[in-house]
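To start, the structure itself, in structure tokens.
The values are calculated or read from the model by the stated rules, or taken from the named source; none is laboratory data. Every value quoted in this text rests on a predicted model; they were computed, and no experiment measured them. So basically every Cβ, Gly included, is an ideal-geometry build from the backbone, and we count neighbours across all protein chains shown. Each accessible area value is taken on the protein alone, full model and side chains, heavy atoms only, with ligands, DNA and RNA left out. Shrake-Rupley method; radii C 1.70, N 1.55, O 1.52, S 1.80 Å.
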Amino acid sequence: LTWHNRLGHPSNQALNSLKTHLKFGNDSLPPCDVFHKAKQTRSSFPTNQHVTSCLGELIHLDLWGPYRVVTSEGFKFFLTIVDDFTRATWIYLLKSKSELFSCVTTFFNILHNQFGVKIKKVRTDNGSKFLNHNMKTFFESKGVVHQTSCVYTPQQNGVVERKHRHILNVARSLLF
């Protein structure tokens, strides 16, 4: 139990592989509450039972930023777009939030011209950047259903939120 605590509460499998090197003898450890609490990020949300069957059926959008460090080109936001069926991801770097609308329209055109796909549903958070007159008019003109999450529940748009976390983790790891 001492080695378990000293090593940052690793799993039993990790401890068993280190057993011969550390020379400790306890074969089985009692369940550790700290291990599960330390690894938990947030309570899980119920999974969505809706299954998509093709590219463009459901697209997740989210804008991240502003970041405190601006890139050398002046970007401090990024728009992440994830297709629900393929999990293909597109990232647009933005200098300001005002560029969001042109990025969304560009993405719609790329999907239509390159893949022959019309987007059916878009899921975003409830931010004003997605709930403005331009976006509403654009989605209506394309026949797109716009789904929004409840206020202060990013878990409802979890696909793109997890992608944000992954992108930021990769970016941080590239710094070292």
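Note on segment 65-97: among residues that are among the polar types (S, T, N, Q) and in contact (Cβ under 8 Å) with a residue 40 or more places away in the chain, the one that is surrounded by the fewest Cβ atoms within 10 Å (Cβ to Cβ) is Thr89. For segment 92-109, the condition holds for no residue, the condition being that it is basic (Lys, Arg), part of a helix (DSSP H, G or I) and touching a strand residue (DSSP E or B) at 6+ places or on another chain (Cβ under 6 Å). Residues of segment 52-64 being outside any loop (DSSP other than H, G, I, E, B) and open to solvent by 10 Å² or more (accessible area, probe 1.4 Å), which ones? Answer for segment 52-64, where residues must be outside any loop (DSSP other than H, G, I, E, B) and open to solvent by 10 Å² or more (accessible area, probe 1.4 Å): Leu63, Trp64.
Please determine whether any residue of segment 145-156 is open to solvent by 50 Å² or more (accessible area, probe 1.4 Å), more than 23 Å from Ser98 (Cα to Cα) and at pLDDT 85 or above. No, every residue in segment 145-156 fails to be open to solvent by 50 Å² or more (accessible area, probe 1.4 Å), more than 23 Å from Ser98 (Cα to Cα) and at pLDDT 85 or above. If the condition is being among the small types (Gly, Ala, Ser) and assigned to a helix (DSSP H, G or I), then segment 140-167 contributes Ser141, Gly158. The residues of segment 157-172 that are open to solvent by 70 Å² or more (accessible area, probe 1.4 Å) and farther than 17 Å from Tyr92 by Cβ, listed by number, are Arg162, Arg165, Asn169, Arg172. Restricted to segment 112-132, and to residues there that are under 27 Å from Pro66 (Cα atoms) and modelled with pLDDT of 95 or more, the residue that is least open to solvent (accessible area, probe 1.4 Å) is Val122. The residue that is farthest from Gly158 (Cα to Cα), among those in segment 110-134 that are among the aliphatic types (A, V, I, L, M) and either in a loop (DSSP other than H, G, I, E, B) or in contact with a helix residue (DSSP H, G or I) (Cβ under 7 Å, 6 or more places away or on another chain) (or both), is Val117.
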